[in-house]
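Notes follow once the structure below has been shown.
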Amino acid sequence: MDGNGRWASQRGRPRLFGHHAGGKRVREVIEACPDAGVEYLTIFAFSTENWKRTQVEVAGLMSLFRRYILKEAREVHNFGARVRFIGDRVQLDRKLVALMDELETLTENNTRVHLTVALNYGGRDEVARATKRLAEDVAAGKLKPDEVTEETLPNYLDTCVLPDPDLVIRTSGEARISNFLLWQSAYAEYEFIDTLWPDFKRDEFIRLCQSYGNRDRRYGGLK
Ligand code: IPE
Ligand code: MG
């Protein structure tokens, strides 16, 4: 969800104004998922690198996340979305983590859309945390070194119960991955679009998902 800051600057407003506007777009995209044929949606809300921003912006984002969960939890639940969070919760405010846990529990039996929110998430951080737990299991004799494979390693990732992404959409004209689902998106298709996140609407999302359907995926093999 990139481009909130530039969207606000273009209007001569503070960056947090852009984050608010971006927040309002999230539910529209969640609710477009069934029509777009999307069962699993992952949104990148805050990266492990975003702590480098000013204290005002970080605090504003954290308070936005709290208020957003409080305000949207019912709607998202009534829509039938199952919500999960990925990322490192240890550094997050305890009150925010409590709200995240509550939302996961509230929605745990929903199946219409699986929504994953990446919050304090970084692909490298995730692999490092996974490797630590894997090493602990090896040291404890629960897993043999020979059993560390492409199939078993993902069990230690935050996304262990989720499928790999088929399509990754990055808004705001930047053509980079920025530490998002590094392991999981090895064979993902990418769309880098110029639209700033607060301008990203249902129609564009559905159009991108439809055009994904025409792509020829070979996973390094032949047709
Ligand atoms: C939103 O966009 C991403 C978040 C960290 C919430 P940005 O804040 O990166 O916006 P730009 O890139 O400065 O326009
Ligand atoms: Mg940005």
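Give me the pairs, please: first residue somewhere in the range 115-143 and without any contact (Cβ under 8 Å) to a residue 24 or more places away in the chain, second residue anywhere and loosely packed, with under 12 Cβ neighbours inside 10 Å, beta-carbon distance under 8 Å, and either six or more positions apart or on two chains.
If the second residue must be loosely packed, with under 12 Cβ neighbours inside 10 Å, the pairs left are Val138/Lys144; Val138/Pro145.
Filter the range 171-193 down to the residues that are polar (S, T, N, Q) and on the phi < 0 side of the Ramachandran plot and list them by number. Give the steps one after another, and end with the answer.
Applying the first criterion (polar (S, T, N, Q)) to the range 171-193 yields 171-172, 178-179, 184-185.
Passing the criteria: Thr171, Gln184, Ser185.
Can you pull out the residues in the range 76-94 that are of a type in the set (Val, Ile, Thr) and either under 14 Å from Leu115 (Cβ atoms) or open to solvent by less than 20 Å² (accessible area, probe 1.4 Å) (or both)?
Quick first cut of the range 76-94, residues of a type in the set (Val, Ile, Thr) only: 76, 83, 86, 90.
Selection gives Val76, Val83, Ile86.
To keep it simple, each residue is scored yes or no on (1) basic (Lys, Arg); (2) under 19 Å from Tyr40 (Cα atoms); (3) part of a loop (DSSP other than H, G, I, E, B).
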position: Cys160; (1), (2), (3): no, yes, yes
position: Ile169; (1), (2), (3): no, yes, no
position: Ser172; (1), (2), (3): no, no, yes
position: Ser178; (1), (2), (3): no, no, yes
position: Trp183; (1), (2), (3): no, yes, yes
position: Tyr190; (1), (2), (3): no, yes, no
position: Glu204; (1), (2), (3): no, yes, no
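Restricting attention to the range 91-104, does a residue exist that is in a helix (DSSP H, G or I), free of Cβ contacts under 8 Å to residues at least 12 places away in the same chain and hydrophobic (A, V, I, L, M, F, W, C)? Working first, answer last.
Here is the first cut: in the range 91-104, the ones in a helix (DSSP H, G or I) are 94-104.
Okay, now just the ones that are also free of Cβ contacts under 8 Å to residues at least 12 places away in the same chain, so 94, 97-98, 101.
If we keep only those that are hydrophobic (A, V, I, L, M, F, W, C) too, we end up with 97-98.
Yes, the range 91-104 contains a residue that is in a helix (DSSP H, G or I), free of Cβ contacts under 8 Å to residues at least 12 places away in the same chain and hydrophobic (A, V, I, L, M, F, W, C).
Is it the case that Arg6 is under 16 Å from Trp197 (Cα atoms), within 14 Å of ligand 1 (Cβ to nearest atom) and either surrounded by fewer than 20 Cβ atoms within 10 Å (Cβ to Cβ) or aromatic (Phe, Trp, Tyr) (or both)? Break it down stepwise before answering.
On the way: under 16 Å from Trp197 (Cα atoms): yes; within 14 Å of ligand 1 (Cβ to nearest atom): yes; either surrounded by fewer than 20 Cβ atoms within 10 Å (Cβ to Cβ) or aromatic (Phe, Trp, Tyr) (or both): yes.
So Arg6 fits the description; yes.
Would you point out the residue of the range 9-55, among those that are among the small types (Gly, Ala, Ser) and under 24 Å from Gly123 (Cβ atoms), that is farthest from ligand 1 (Cβ to nearest atom)? Explain how you work it out, then say what you get.
Taking the range 9-55 first, the residues among the small types (Gly, Ala, Ser) are 9, 12, 18, 21-23, 32, 36-37, 45, 47.
Those still in the list that are under 24 Å from Gly123 (Cβ atoms) too: 22-23, 45, 47.
Values: Gly22: 6, Gly23: 9, Ala45: 6, Ser47: 7 Å.
So the residue we want is Gly23.
Among the candidates Asp216, Asp203, which residue alone is over 17 Å from the mean Cα position of the chain (by Cα) and under 22 Å from Asn4 (Cβ atoms)? Before the answer, list the steps.
Numbers: Asp216 fails: under 22 Å from Asn4 (Cβ atoms).
Unique residue meeting the criteria: Asp203.
The values are calculated or read from the model by the stated rules, or taken from the named source; none is laboratory data. On a predicted model such as this, the values are computed, not experimentally measured, just so you know. When we count neighbours, we look across all protein chains shown, and the Cβ atoms used for this are built from the backbone with ideal geometry, even at glycine. Calculation scope for accessible area: heavy atoms of the full protein, side chains included, ligands and nucleic acids excluded. Shrake-Rupley method; radii C 1.70, N 1.55, O 1.52, S 1.80 Å.
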